[in-house]
Each structure stands twice: as structure tokens, then as C-alpha cells.
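Colleague: The structure that follows is given in the form of C-alpha cells.
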Amino acid sequence: MNFCSDNVTGISPEIIAALIAANSGAAMPYGNDEYTARLQTKFSQLFETEVTVFPVATGSAANAIALSVITPSYGAIYCHADSHINLDECGAPEFYTGGAKLVSLPGESGKITAADLDIKLKKAGAGVVHHVQPAAVSLTQATEAGTVYTPDEIRAISEVTRAHNLTLHMDGARFANAVVSLGCTPADITWRAGVDILSFGATKNGAMAAEAAVFFNRNLAETFHFRRKRGGHLFSKMRFLSAQLEAYITDNLWRQNAIHANKMAAKLADGLTSIPGVKLLHPVQANEIFAELPEAVIQGLYDEGFQFYRWEGEGSTIVRLVTAFNTKEEDVVAFIETAKRYSIPAYSPGMGKLTGV
């Protein structure tokens, strides 16, 4: 009954099977294997355009190394204040870029707007030697608030990015959840909307350890080989990363896993909204829920064995709940029923009044 993260899960059986199959026989090292070679074609089919794909093992590597390709050491990367690259990657983007600066923007429910970005860039001091030089914009899809950027919102941000001669990167750790939420194709919220590079996530949605840097602007990919090697992510046995990614995008596994995760989040959110004292902080559009719960409910859930994070530290009544590809519906139901039970005032005999449980 662990709702802490979609990182607490195991691995999709289909991906386990692919790893077992890849374990048979020999394969050339460092990405010179048949599995990695097939990814170029399969990802191009998935995105309906020719792409260049580089497997890596972590989302931090995909993000930071991709950003290093498009951002010089004296450059600036514009992102939401709550984005993963800004708060949760221990300075990896700064490290891999050799010192570039992350410039954060505010925005409701985890999203920046084209208008705010345009204002920020007009005041950025492009060409002025005393200032870091604007180089890239990074969007998180789905966002750290569990919301999603629509194709129109991405397109508007892309137009601003192009007007200021910047490059657009997308952190897609929960990309599949966003695609399913929007009911669109992977192409619709990437290259068709103006995205140049995507960090394509699989680990949170059923893989063991597999992500990819996907280049839609293939001219930008020229130095990624060297940067990945220097960054320690050119795996000698690359076939085991590539086999995961191949299985993940085959037979719509990525989509089916995300459909289930999103469905469980919607069910959990619907149940919570019926409980007195519960407030959702953001629209629930993917597989994350941010809610304010009464302290009695939080303690009751903990006592009953449910796991989740207090999102703003010890004592906070704001919690984050995350569902995954293998979240059990009975666990969702149990969470809702337990929360209801601890939220209902109980009559205390002899007291003549209601007291909270």
C-alpha cells in the first residue's frame, strides 16, 4: 500500500521477459548491438519522424547530458521553479554543462506560460557580456504538480523560444502519463509542437532502469556520444538498457501501463474529494495527487500501514500520492475507505458532543 512514488514499483513482466531473452548469447558492447540498432527505427515509428536515440540509465543523466549539448557553460536554462532539474538533481545540469545557470520561473500547477517566458527573456540581457546568455528552455511533462502541458501550450512556448533563438528541451520522466492524459500521440506534444530534445522516461512506468535522450533536431545530437561516454553512461552491456526500451514501446506497453496508473490516480482523487476536510491542490491529470488532509486522517493512514510523503516536510498536512502501472485497485479503495473512517467524527458517550477520531 505504498503511494510514495512510482519508483517503488517492480518491473513489468514483459520487460523482465525481454531482459531474459537478451541475456542469451553474445552481443557487441557499447551500443553496437542489434537491440540498440533497432531502437532508432522503433522510436522513429513511435514519433512518426526520423529521430536519433541514446539510451541511458537514469533520468538525471538524460536531462543533464541533453542540456549540456544545447547550453554553454556561460548559458542559462529557463525552467519552472519546481522542476526536477531545478530542485532534485543535485546540480547535475550545472555540472554537465560546466556551470550553466538555471533560471526559474513561477507558474500555477507546475507550468510556466509563454507570456511569462517572453517577459523574462526580453529582460535577460542577451548579448550583454555581464549576463549569462539565454540558451535553452526545459519543460516537465507531466509536471511536478501532476498536471500536463497541452499541445497548444507547448507550441506557444516553442514560438517564444524560437523568437529568442533558444532550444526547447522536455523532461519526460512521466511522458507516457501525459500522452494518455491528453489523448494525443507522442508526436503531438513533442516535435510537432516545437520540442527539439526529449528525455524519454521508462523507469517510472515499468522499466528496471532505462531512459533515453531522443533528438528530433538531429543536428543537435552530434556531440552526445562523447558527452554520454564522459558522463559515465555509455554502458558496455548496452543491450540490457535497449532491450528494456524496445519492450517498453512494443505492443503499446508504455501506453497500457500509463492508462492503468492514470486510472488509479483518478479513482483515488475522486474518492478523496468526497471526504470532509480534504482539498486537492492541483488538477489530477496524470498519476500524481497533491492534497491537503486533516492530521487525524494522515495519522490514521500511517497507522494502518499506508505509505506516502508529507510533501512540505515533517508536520505538513500536504501530501503527495503517486499511482503506478501495477497499483492495485483494492489498495486504492482501502486508502479511500480508511481516510473516510478517520475523518468521520465519533460520538463520545457521556461527553454530549462529537470528537474527532
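The values are calculated or read from the model by the stated rules, or taken from the named source; none is laboratory data. Please read these numbers as outputs of a predicted model, since none were measured by experiment. FYI the Cβ positions are ideal-geometry reconstructions off the backbone, even for glycines, and counts take in every protein chain you see. Surface accessibility is based on the protein's heavy atoms, side chains included, excluding ligands, DNA and RNA. Shrake-Rupley method; radii C 1.70, N 1.55, O 1.52, S 1.80 Å.
Colleague: Can you pull out every residue in the stretch 305-338 that is part of a loop (DSSP other than H, G, I, E, B) and free of Cβ contacts under 8 Å to residues at least 60 places away in the same chain? Steps first, answer last, please.
Modeller: We begin by selecting, within the stretch 305-338, every residue part of a loop (DSSP other than H, G, I, E, B); these are 305-306, 308, 311-317, 323-328.
Once the filter is applied, which keeps residues that are part of a loop (DSSP other than H, G, I, E, B) and free of Cβ contacts under 8 Å to residues at least 60 places away in the same chain, the stretch 305-338 yields TRP311, GLU312, GLY313, GLU314, GLY315, SER316, THR317, LYS328.
Colleague: Being charged (D, E, K, R) and open to solvent by less than 40 Å² (accessible area, probe 1.4 Å), is that true of even one residue in the stretch 32-42?
Modeller: Yes - at least one qualifying residue is present in the stretch 32-42.
Colleague: A follow-up question, please. What are the residue pairs meeting all of these: first residue in the stretch 40-56, first residue without any contact (Cβ under 8 Å) to a residue 24 or more places away in the chain, second residue open to solvent by 10 Å² or more (accessible area, probe 1.4 Å) and charged (D, E, K, R), Cβ atoms under 9 Å, and 6 or more apart or on different chains?
Modeller: GLN40/GLU50; SER44/GLU50
Every residue, every condition in (1) within 30 Å of PHE200 (Cα to Cα); (2) surrounded by 22 or more Cβ atoms within 10 Å (Cβ to Cβ); (3) touching a His at 6+ places or on another chain (Cβ under 8 Å); (4) at pLDDT below 95, yes or no:
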{"position": "VAL284", "(1), (2), (3), (4)": "yes, yes, no, no"}
{"position": "PHE308", "(1), (2), (3), (4)": "yes, no, no, no"}
{"position": "TRP311", "(1), (2), (3), (4)": "yes, no, no, yes"}
{"position": "ALA334", "(1), (2), (3), (4)": "no, no, no, no"}
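Colleague: I've got another one for you. Does ALA115 satisfy being surrounded by fewer than 24 Cβ atoms within 10 Å (Cβ to Cβ) and farther than 22 Å from ARG162 by Cα?
Modeller: No: the conditions fail for ALA115.
Colleague: Would a scan of the stretch 188-210 turn up a residue that is without any contact (Cβ under 8 Å) to a residue 24 or more places away in the chain, part of a loop (DSSP other than H, G, I, E, B) and closer than 21 Å to GLU144 by Cα?
Modeller: Filtering the stretch 188-210 for residues without any contact (Cβ under 8 Å) to a residue 24 or more places away in the chain gives none.
No: the stretch 188-210 contains no residue that is without any contact (Cβ under 8 Å) to a residue 24 or more places away in the chain, part of a loop (DSSP other than H, G, I, E, B) and closer than 21 Å to GLU144 by Cα.
Colleague: If SER68 satisfies all but one of (1) open to solvent by less than 60 Å² (accessible area, probe 1.4 Å); (2) assigned to a loop (DSSP other than H, G, I, E, B); (3) within 17 Å of HIS233 (Cβ to Cβ), what's the number of the condition it fails?
Modeller: Every listed condition holds for SER68 apart from (2).
Colleague: Let me ask another. Consider only pairs whose beta carbons are under 6 Å apart and that are at least six residues apart or on different chains; among these, list those whose first residue lies in the stretch 2-21 and is at pLDDT 95 or above and whose second residue is loosely packed, with under 15 Cβ neighbours inside 10 Å and of a type in the set (A, V, I, L, M, F, W, C).
Modeller: ASN2/VAL8
Colleague: If you check PHE235, PHE215, PHE240, which single one turns out to be modelled with pLDDT of 95 or more and within 30 Å of ASN165 (Cβ to Cβ)?
Modeller: PHE215
Colleague: Select from the stretch 237-267 the residues that are within 18 Å of the chain's Cα centre (by Cα), open to solvent by 50 Å² or more (accessible area, probe 1.4 Å) and not polar (S, T, N, Q) and write down the one among them that is farthest from PHE335 (Cα to Cα).
Modeller: ARG255
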